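> Just passing along the structure, written as structure tokens.
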Amino acid sequence: MLWAGDFNRHHPLWDRDEDVRLFTQQANRFAEGLIGLIATYGLVMALPKGIPTLRHMVTGRYSRPDNVFSTVGISDLITSCEVVPSLRPTSTDHFPIATNIQLPQERVVNPLSFNFREVDWDDFRKSLKDRLGTAPFPQHITNQEQLALSVGALT
């Protein structure tokens, strides 16, 4: 599981230690719900503690309302999680968070396929006529086994 977004919660677990102005009793109460969910689902922070994710447009102060949390299984696959202030869009005070996840992928071997453009159709029709001529006479199919045998003989 990966949780990423603007949680709009401040707490010493993720904000900078020097931002004591943010650690009010009310802020701690609001953060308790999020902390409880983090504990319930066994989440860890992907974005290291203390990295600001917002610069207030009026005061110019930095804070950390945004965060990225993941389960341990996903955290092992995260190769980087960082704030990229240089990519901040205009008219916003939030910084983008770039998270790279290395997902294992199995290589799929493409099965061989027929190239029908290269078929000698006259030869194909003759071979088909010969093979169908030696196939068992058509019969009424009444069960799965007969169907499989007939399909095998036809193909």
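> Using the charge dipole of the chain (Lys, Arg: +1 at Cβ; Asp, Glu: -1 at Cβ; taken about the Cα centre), state which of 99, 132, 34 has its Cα farthest towards the positive end.
34
> Lys/Arg Cβ at +1, Asp/Glu Cβ at -1, dipole of the chain taken about the Cα centre: which of 144, 67, 77 is farthest positive-ward?
67
> Here's another thing I want to ask about it. Once each part is reduced to its C-alpha centroid, what is the distance from the stretch 81-138 to the stretch 1-49 in angstrom?
42
> Using θ = phi - 60° and the Karplus relation 6.51 cos²θ - 1.76 cosθ + 1.60, list the HN-Hα couplings for the stretch 31-42 in order, rounded to whole Hz, with x at every Gly or Pro.
6, 4, x, 5, 4, x, 5, 4, 5, 4, 9, x
> Determine the dipole magnitude for the chain: charges of +1 sit on the beta-carbon of Lys and Arg, -1 on that of Asp and Glu, nothing else is charged, the reference point is the Cα centre, and the result goes in debye to the nearest 20.
In total the dipole reaches around 300 debye.
> Would you calculate the convex hull of the Cα atoms in the chain and tell me its volume per residue in Å³?
261
> Here's another thing I want to ask about it. Taking a ≥ b ≥ c as the square roots of the Cα gyration tensor eigenvalues, with a/c under 1.5 meaning rounded and otherwise prolate when a/b beats b/c, else oblate, which class fits the stretch 88-155?
Verdict is prolate for the stretch 88-155.
> Right, another one. Which residues does a label at residue 72 reach in the stretch 31-62, if reach means a backbone N under 11 Å from a point 7 Å past the Cα toward the Cβ?
42-44
> Next question. Would you pull out the residues with amide H under 5 Å of residue 3's amide H, same chain only if 5 or more places away, H placed 1.01 Å from N?
69, 70
Bear in mind that the values in this text are calculations on the coordinates, not laboratory data. Just so it is clear, the structure is predicted and the values come from calculations on it, not from any experiment. Quick reminder, even Gly has a Cβ in these numbers, built from the backbone with ideal geometry, and neighbours come from all protein chains shown.
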